[in-house]
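Laboratory data are not the source of any read-out in this text; all were calculated from the coordinates shown. For clarity, every value in this text was computed on a predicted model and none was experimentally measured. Heads up, the Cβs are rebuilt from the backbone with ideal geometry, glycines too, and the neighbour counts pull from every protein chain shown.
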Amino acid sequence: MKDTKGISKVSRRHFYKSALGILRNPLPFHHHNFEKYGDTFLLNVGMGREIIFSRDAAFAEYVLQKNQKNYKKSEIQTKDMAKYLGHGLLTAEGELWKKQRKLIQPAFHKKQLAGLLDKVKAAIVVELDKIRTDAPMDIFPVFNDLAFQTVVKSLFSAAVGQQEINRLQYITEAAQKMLVKELRQPYLGWYFKGFGKIKKHLDLTDEARQILKRLIEERKKSGERQDDLLDMLLEARYEDGTAMSEKQLIDEILILFTAGHETTSNALTFTSELLARNPEVQEKIASEVEIAKKASGDLMEFLKQCPYTQQVVEEGMRLYPPVYFIDRVPLEDDEFEGKSFPKGSSLLFSMYEIHRHPKYWKAPEEFRPERFSEARTSSYYPFGAGPRKCIGNNFAMYEMVITIAELVSKFRISGAKGEIEIHPLITLKPKNAILKFDLRK
Ligand code: HEM
């Protein structure tokens, strides 16, 4: 890479020597490099590709917020992911993204979300009923279904049958898994293409599009309002008074399924694993929730009465941010605090490292939810930053606080063994989250 001044370089030899370990879990390799070369370093990953890694929060803010106009997303989202999911908010760029964000943003405002909370809670209660108390169980699949159900029910209310929900969930997850394979094993591209693997997954997403098309048409025909996200998206108008095309609406729904599903289930699983290791935190949540439930039946009021439960979720995402890397590419040459990088270079910000950097956090490796009772720190990015910050952040927080509140008021969680295991793929996933659940009453 030309013109990278002021950035330490990690040798290609060092990268190749660590290649096997990196494939299993790249985080220790990155941590080692940050400790050795500083908060920003350049890694040569072979085949003429270099990546600038950073755990400098001010640099992340510069790129994601202050000078965001000079940056675009990498092709992982705008091309590879878009191949299956189309061009919705997460994968779109430029004018299309701007137009869509402006149109969709109001549907995710707190006031609008208040009207969805009863549907969200109903879905959560049904899924939490599936937790077994007779033996330890892996909690991830429960939260995985829970996160999908809450997005589907918020979009379509009761209009989708369970079989269709299962099919949509299967397709969303299959496309995501295929994408992970393509990204992790690019040298197998010939095989994925030649043996019809890509085509099979494109056909699957076409099937999901057909299901969504039918659901949208049925809603339009019914003429009935459900006050759900679908109604809001159907009623949204661009500046010129027109509505979203059906194709664009379908792309946006596929994106909401993907963006809102795995991230939330990862965060809920990690939080439960932390709770299993911290019974005193469970007791604090249980008493907060008991008081909040007595105070009001209104869910928005209830959420306001649960600041500690919210801090627990926030601390869970500090230690285990589901989106553990955020990438950007400069449109023009740029520089930040003596480091220069040319247009087209790959920048990767490690939110995992920023969230655990001793420069920004006291006792960063410890689980201390109370740290979030103080004024928010600027070195915390579970939902990103700047104009492309997660549009579903409030939705996700409400959903997670209600879930943890319900979970802890129903069960005591225990049975955690050893360290929390992670599986870093496109998102930071949990592994072997086997926990024991005992009814409180
Ligand atoms: C714990 C849960 C979640 C986490 C940690 C999370 C994290 C993120 C992050 C970090 C980004 C920005 C990516 C970037 O700048 O490159 C993002 C974008 C996005 N998220 Fe989330 N998200 C979560 C839940 C949700 C939910 C529930 C929804 C919707 C129902 C959602 C929808 C989106 C969309 C549409 C974008 C793209 C926004 C844009 O580019 O304008 N997310 N999310």
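Here are the numbers:
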quantity	calculated
Charge dipole (segment 165-293, unit charges on Cβ, about Cα centre) - positive-most of 187, 255, 174	187
Hydrodynamic radius of the chain per Kirkwood, over alpha carbon pairs, in Å	23.1 Å
For a label point 7 Å along the Cα-to-beta-carbon line of residue 181, residues of segment 1-31 with backbone N under 19 Å	23-24
Relative contact order for segment 134-278, counting Cα pairs under 8 Å that sit 6 or more residues apart, in percent	45 percent
Candidate lysines - alpha carbon under 18 Å from residue 339, same-chain residues fewer than 8 apart omitted	2, 5, 9, 36, 66
For segment 279-295, Karplus couplings with θ = phi - 60° (6.51, -1.76, 1.60), whole Hz, Gly/Pro x	x, 5, 5, 4, 5, 5, 5, 4, 6, 4, 5, 4, 5, 5, 5, 5, 6
Segment 317-429 - charge dipole about Cα centre, Lys and Arg +1 at Cβ, Asp and Glu -1, debye rounded to 20	380 debye
Footprinting exposure proxy for 434, 402 (fewest neighbouring C-beta atoms within 10 Å first)	434, 402
Ranked by how many other beta carbons lie within 10 Å on average, peptides 212-218, 40-46 from highest	40-46, 212-218
Segment 327-387 versus segment 108-132: alpha-carbon centroid distance in Å	31 Å
In sequence order, calculated HN-Hα J values of segment 255-271 (Karplus, 6.51, -1.76, 1.60; Hz; x Gly/Pro)	5, 4, 4, 6, 5, x, 9, 5, 4, 5, 5, 4, 4, 5, 5, 4, 4
Stretchable slack from residue 198 to residue 304, in nm (0.36 nm times residue separation minus alpha-carbon distance)	33.6 nm
Rounded, prolate or oblate (a/c below 1.5 giving rounded, otherwise prolate when a/b exceeds b/c) for segment 1-157 by Cα gyration tensor	oblate
Mean Cα-pair separation over length for segment 350-418, i.e. relative contact order, pairs under 8 Å, 6 or more apart, %	23 percent
Taking the chain and dividing mean pair separation by its residue count, relative contact order in percent (alpha carbons under 8 Å, at least six apart)	25 percent
The chain - charge dipole about Cα centre, Lys and Arg +1 at Cβ, Asp and Glu -1, debye rounded to 20	960 debye
Inter-label distance, nm, simple model (7 Å from Cα along the C-beta direction), residue 167/residue 335	5.8 nm
Residue (of 15, 358, 25) at the positive-pole extreme of the chain, dipole from beta-carbon charges	15
Flagged links, alpha-carbon separation over 29 Å, of 359/436; 121/220; 221/247	359/436
Residue-count net charge about residue 220 - beta-carbon cut-off 13 Å; Lys, Arg +1, Asp, Glu -1	-1
Unit charges on C-beta of K, R, D, E only; dipole of segment 369-441, Debye	140 debye
Evaluated at q = 0.12, 0.18 Å⁻¹: base-10 log I(q)/I(0), Debye formula over Cα of segment 194-303	-0.75, -1.01
Straight-distance crosslink candidates among lysines, where the alpha carbon sits under 21 Å from residue 197 and sequence neighbours closer than 8 are dropped	79, 83, 177, 181
Exposure proxy order (Cβ contacts within 10 Å, fewest to most) of 97, 190	190, 97
